[in-house]
Structure formats: structure tokens, C-alpha cells
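The values are calculated or read from the model by the stated rules, or taken from the named source; none is laboratory data. Computed from a predicted structure; not experimentally measured. For neighbour counting, all protein chains shown are included, and Cβ atoms are generated from backbone atoms with ideal geometry for every residue, glycine included. Heavy atoms of the whole protein, side chains included, go into the accessibility calculation; ligands, DNA and RNA do not. Shrake-Rupley method; radii C 1.70, N 1.55, O 1.52, S 1.80 Å.
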Amino acid sequence: MPPVSCMKFLNWNGIGSAVFQDSFNPGKHCLNAYSEIPCRSHVYTSGQPDSRGFISIDCGIPENSSYQDLRSSIIYVSDHGFISSGANRNISPEYIKPSLAQRNYNVRFFPDGRRNCYTLKSLVAGNKYFVRADFYYGNYDGLNKLPVFDLYLGASYWHEVAFRDASAVNWMDIIVVAPADYLQICLANKGMGTPFISGLDLRPLKSNLYPEANASQSLVLIDSNRFNMGPTDNSIVRYPLDPHDRIWSTYDTIPSWTEISATSVVENYLTDVYDVPSAVMQTAATPINGSRIDLSWDPSDPSVNISSRYFFVFYFAEVQNVPSNALRQFNIIVNNNTWNTQPYTPRFLFADSLSGTVQGQEKYSVSLVATKNATLPPILNAMEMYLTKPTSEIATDPGEADRRITSPKDETALLENREFSYRELKNITNNFSLEIGTGGFGAVFLGHLDNGNPVAVKVRSSSSSQGGSTFDKDTP
């Protein structure tokens, strides 16, 4: 008798996954609703974090190859052991330039399937992690057509991936608490071009850092908005200057601003919950002739709406030895609301921060305005802007609207008792790569429907001692 596969809807946010590889034969397929199942994870020796807890993947280099990045000293490895689908390709030679990181010379692209997922294993459930996905199109497919696709953390929508031009490096960060000992990063095709990826990083974070990221909420960096505000030379600060390997890029050149700096180390308070590196805090932006710094920003992600919530962090440290007869004092105003409770003066060579959350709007404004008593203009050393995301949030693929499904119950009614082809189940389960349970009948694999809903696919082994009636009873 050929093995039988049955699918069950899971009451689980789908961020976790475990890797298991096997071969299967096509057979009869059925679908049933399900609330939850006991899960077990599998840990393997390949594709694990290094001694620092880092996972650093160059997507698209040959299997089992690795190299050391000359700028960061980080060892990058191939994505073998993290994913089994997709194909590798080099970018077009004309898009390789001296400033381009080696990991962007090639990509892994996914012409097949609506959803393809990387699995990052051997993590610690309940620990906090920083994950970065990196994309560089570079006309790798020769089509000169920029794709648009979606990025997911498990079943939770992360961000849309789009490009302003073929030579733009697009990277996205998320800070998340792992609900299991693995995380899954997925690329979803929404009919606007083939998804691809250049690199994928995971870095462990101490539990006290970014307390706004917790078991129910993650922080998604917006449009690479983590800025080292002082320099104007397009320099980048990352590991090892930042031990957490955050990327701090320079802000746009503003003619009315100038850079001030210090050569001494800028210290962090013991209670600091963001651990901004000294290399960033040693410089600051300040107006040349004026008493205020003004910034504005428009959201670009189409998923953003009035219910979206943003988390801003502004970093300050005095880098000049201000004389006793001078005063640097200002207010921090976000969307016309003053965030500081009293006039603010940065402390000399100590990193400080002011953070807060704002509700979704069409436009955001930030102003640092000197007080009447101030004799020196305001300064801004660095800033970060995040979109807060519930970790249980599951976004519906836009193409699902054509299915005339208005609620999860409608979808369940539509799919219940439907027969699935073996090819469909391979696509749903990412080639049966994620085993999450087992029993006398055989293995259970995690899968995702096109709209992101997680399901369990049960495969009856041909050697199972359980009969067909037992298998049917086990899948109500």
C-alpha cells in the first residue's frame, strides 16, 4: 500500500521549524481540520551557529563552500543544510563593483513554488535574536526586470521586498524572541517576479536588549533606517565595531548640517538596553547656523496602515567639551508631541537614548529644537526606526482574494476533504523538509498554504503497523 498523507490546520504561529529529509512516494491525499499536535524538533550537525552563536549565510555559493569576509572577519558559509529548494546564479558582471560585498556576487532564486523557506536551527527557545536578510538583484536573470515579493518569518508577514534599481542593496532586519529552537525565513512569490536572496544572518542578543521585542511582538527595521547621523562619507559601521553586527549606515547629506566628533571612547550605562557602539556615538550631526534639526519620513511598505505602530530610538552623547558658560539643551518633538519631560542635555562621552512608540500615520516628523536658554544647537548621534509586528500575525497573500474566501472558516470549508496531488503536498511542505512529529503511522511534516496558514501533513509509512482505519481515526 502506498503511503497516505493527511493535512491538518495548526493552531501555531509557524515561526519554528525543524529540518528532516526523506523520500516519499505519491499516494492518496486528504485534508482535515486540526487544532494542535505534540511536536518534537530535530537537531543536526550541519547548518548550525558558530561559537559566537552567529549564523552567516552567503546564499548562492557552491554547496559546502565558505570564506572569510575581509571587512568584518566573519566566516560565511553556503546555504546547504538550511534549504533544499531553489537554484544558484551569479549576478551580471557589470553590477560587480569594488564597494560591493562578496556575498552579493550571487543569489539563490526560487522559480518553483509559492513559498520557499530557510530553517535556522540549534537556537534556544525563548532567547532573543536579530535576523537580517540581504538582497541584491544585479540583473542575475538577465531580464532587467525588478521583482517584488514578500518576506515571512514563519507564517508571520515580515516585509515586502522591492527595489528602486538593479544596483541597490536591500537589507531587512527583524528582532524576535524564538518560540522554539529554530526559526524559519520564507520568501513568497506573489506573481510579480521570481523571489531570490543574497544573504541571511542570525545574531544572538542578550535578553535585556530591545525590551520592546518580546514573545508576542517583534521589531522590524523600516527601510534600513538605522543611521549613524554624523558622517557623510557613506561609511558603514558593523561587526566587529558593533558586537551585535547591526548595520549603521550614514544619513543623507544635509547641506545645513555639519559633523562634530570625539576621539575618546563613548561609554554605555550599565542599564543601557540598546548597547549602541562607541564607533557610532563618537560622531553627531548638528546644524551649522540654526537652532533645530528637522527630519521627516513616509512609510513605504504597502502593509502599513493607520493601525500600524512604530518604535523610534534616538541616541545622544555630547562629544565636545562644552565650557561652563555654554549650554546645549533641547526638546525632542515627534509628530508635534514633546517626548522629553524636561529640557534635555546630553552627557559628555556617555551614550543615552530616548525611545517611544507612535501610531500609524501617512507622514512622520521629528524635530530637535533648542530651548531659549541654550547657547549651542541640538545634536543627534544616531537613530533607529522599527515597525512593531505581532508574532502571531499571519498576512494573507494578495492572490488569495481571487479564491472568494472571506474568513478562515470559509477556507477550511473549501479545502476540507479535498484530495491533493503529491506535487501540491511537496510544495506545501517545502519538499517534506520539516518534520514536527511522529507516531505509529509515520511522520508529520509542517507545511504552509498559499496564504501563510500553517498545516500539518501526516504521511503514513509503508512499513507502518497501523491500519488504514486507525490512520483515519487519528485524523478526525
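Annotations
- When Asp272, Asp352 are compared by accessible area at a 1.4 angstrom probe, the order from most to least is Asp352, Asp272.
- Accessible surface of Tyr239 - all protein chains present, 1.4 Å probe, nearest 10 Å²: 40
- Taking the range 49-205 and dividing mean pair separation by its residue count, relative contact order in percent (alpha carbons under 8 Å, at least six apart): 31
- Net lengthening on full extension, Asn225/Ile288 (0.36 nm per residue, minus Cα-Cα): 20.3 nm
- Distance between the pseudo-spin-label points of Asn214 and Asn321 (7 Å out from Cα toward the beta carbon): 4.4 nm.
- Placing +1 on the Cβ of every Lys and Arg and -1 on the Cβ of every Asp and Glu, with no other charges, gives the range 49-205 a dipole of roughly 160 debye about its Cα centre.
- Share of carbon and sulfur in the accessible area of the range 187-337 stands at 49%, probe radius 1.4 Å.
- Amide H contacts under 5 Å for Tyr251, placed H, 5+ residues apart: Asn228
- Chain lengthening between Thr232 and Asn340 when straightened (0.36 nm per residue, less Cα-Cα): 36.1 nm
- Cα-based radius of gyration for the range 106-157, normalised by 2.2 N^0.38 Å, reads 1.44.
- Using distinct alpha-carbon pairs, which all enter the 1/r mean, Kirkwood radius of the range 49-205 in Å: 15.7
- Placed amide H near Trp158: partners under 5 Å, 5+ positions off or other chain: Leu151, Tyr152, Leu153
- Between Thr371 and Gln102, the contour length at 0.36 nm per residue exceeds the alpha carbon distance by 92.1 nm.
- Cα shape, the range 212-392, gyration tensor, a/c 1.5 rule: prolate
- Amide H contacts under 5 Å for Ile91: Asn106, Val107, restricted to partners 5 or more places along the chain or on a different chain, H placed in the peptide plane at 1.01 Å from N.
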